[in-house]
Amino acid sequence: LQKTLILLHVTACVVVGKTLMILFPNAMKRYILKQGEKSRMNENPKFSYENWGPTFFSFKYLLFVLKVKWKRLEDEAYEGHPAPNTPVVTSNGEVRHLFDFLQDNRPLILNFGSCT
């Protein structure tokens, strides 16, 4: 049921977004660029809107967003409940699962970072 609701929601958003891109291309470009500022992706001069902007609200975009949102259904964490055994990628690029790193009763600490 959750997957169906996500499918309907994402499909509706893509249809509306694609329609707005056709009817109001300049306004949508400004909107998408404003959203890009939040993630700071606009700061890379080699990453121009013309390269990625038109891909928004495409069929590939729809499939990608669905895949991510459906995957996140399995990874939800709730206060007071056990943590999900989500896949993680080691610094070597190896895919493991969170619980693979548990040792006895020792606490498990996750450190998130970024490399550019």
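The values are calculated or read from the model by the stated rules, or taken from the named source; none is laboratory data. Keep in mind the model is a prediction, meaning the values are calculated, not measured. Positions of Cβ are generated from backbone atoms using ideal geometry, with glycine treated the same way; all protein chains shown enter the neighbour counts. Note: areas computed on protein heavy atoms with side chains; ligands, DNA, RNA excluded. Shrake-Rupley method; radii C 1.70, N 1.55, O 1.52, S 1.80 Å.
Some observations on this one:
- Apportionment of accessible area to carbon and sulfur, the chain, percent (1.4 Å): 60
- Spatial separation of Cα centroids for region 6-36 and region 58-116, in angstrom: 28
- Distance histogram in 5 Å bins (all Cα pairs of the chain, percent per bin): 2, 8, 13, 15, 15, 15, 14, 9, 5, 2, 1, 0
- With each label modelled as a point 7 angstrom along the Cα→C-beta vector, the VAL89-LYS46 pair spans 1.8 nm.
- Accessible surface computed residue by residue for the chain, with neighbouring protein chains in place and a 1.4 Å probe, gives 85 Å² per residue.
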